[in-house]
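**Student:** Following this message is one structure expressed as structure tokens.
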Amino acid sequence: MTTAVVVGNPKPRSRTLSAATRLAERLTGASVDNVIDVVEFAPALLDRDDSRIQQAVSIVSASNLAVVASPTFKASYSGLLKLFLDQFATADGLRGVTAVPLMLGAGAAHALAPELLLRPVLTELGASVPAPGLYLPEHENQWEPLIQAYSTRWIEHLRPANVHRTNN
């Protein structure tokens, strides 16, 4: 199984990246194969012909499991993540990929953001999203029990979709 973590945080090597990596590793029991820290492509995201962006899109599209993560901005995902997701073809850009929406935020008032805002975009791009999105508080010391509970509850829904896909 090939895994990817896609993070749309304007800060490189962010807590969002750490949380997404921990979730992917918990779900798969292995290290993440590919990390796309979108901030590394920031200016190039406006150039649809940039080869680095095209390569990153290909990597995510060829993954079995992708954890797609963002901090919560104004109750939604980041514009940086939006610019990256805009690179995928509608309806089939993520076909065959099982996606897990993950968002971090300062308060529980935005806990539905991954489910209401990020999940529909991933589905529109063709991803299978068989489990609800996960919302984590900003504070890292609170993540582990939430990640463990999420993975215990949803792992069986996420894994079967992945075992039938062959890697390129």
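The values are calculated or read from the model by the stated rules, or taken from the named source; none is laboratory data. Because the structure is a prediction, the values reported are computed rather than measured. So basically every Cβ, Gly included, is an ideal-geometry build from the backbone, and we count neighbours across all protein chains shown. Only protein heavy atoms, including side chains, enter the accessible area calculation; ligands, DNA and RNA are left aside. Shrake-Rupley method; radii C 1.70, N 1.55, O 1.52, S 1.80 Å.
**Student:** More than 15 Å from Ala62 (Cα to Cα) and part of a loop (DSSP other than H, G, I, E, B): is that true of Pro130 in this structure?
**Tutor:** yes
**Student:** Inspect the stretch 138-156 for any residue being open to solvent by less than 30 Å² (accessible area, probe 1.4 Å), touching a Phe, Trp or Tyr at 6+ places or on another chain (Cβ under 8 Å) and more than 16 Å from Leu65 (Cβ to Cβ) and give the result as yes or no.
**Tutor:** No, that holds for no residue.
**Student:** Considering only residues that are under 10 Å from the mean Cα position of the chain (by Cα) and not in a loop (DSSP other than H, G, I, E, B), look in the stretch 4-15 and name the one that is farthest from Ala62 (Cα to Cα).
**Tutor:** It comes out as Val7.
**Student:** Taking the stretch 37-53 on its own, how many of its residues are in a helix (DSSP H, G or I) and free of Cβ contacts under 8 Å to residues at least 24 places away in the same chain?
**Tutor:** The qualifying residues number 4.
**Student:** Can you tell me how many residues in the stretch 73-102 are assigned to a loop (DSSP other than H, G, I, E, B), touching a residue at least 60 places away in the same chain (Cβ under 8 Å) and open to solvent by 30 Å² or more (accessible area, probe 1.4 Å)?
**Tutor:** Selection size over the stretch 73-102: 2.
**Student:** Can you pull out the residues in the stretch 41-59 that are over 16 Å from the mean Cα position of the chain (by Cα) and open to solvent by 50 Å² or more (accessible area, probe 1.4 Å)?
**Tutor:** Passing the criteria: Pro43, Leu46, Asp47, Arg48, Asp49, Ser51, Arg52, Gln54, Gln55.
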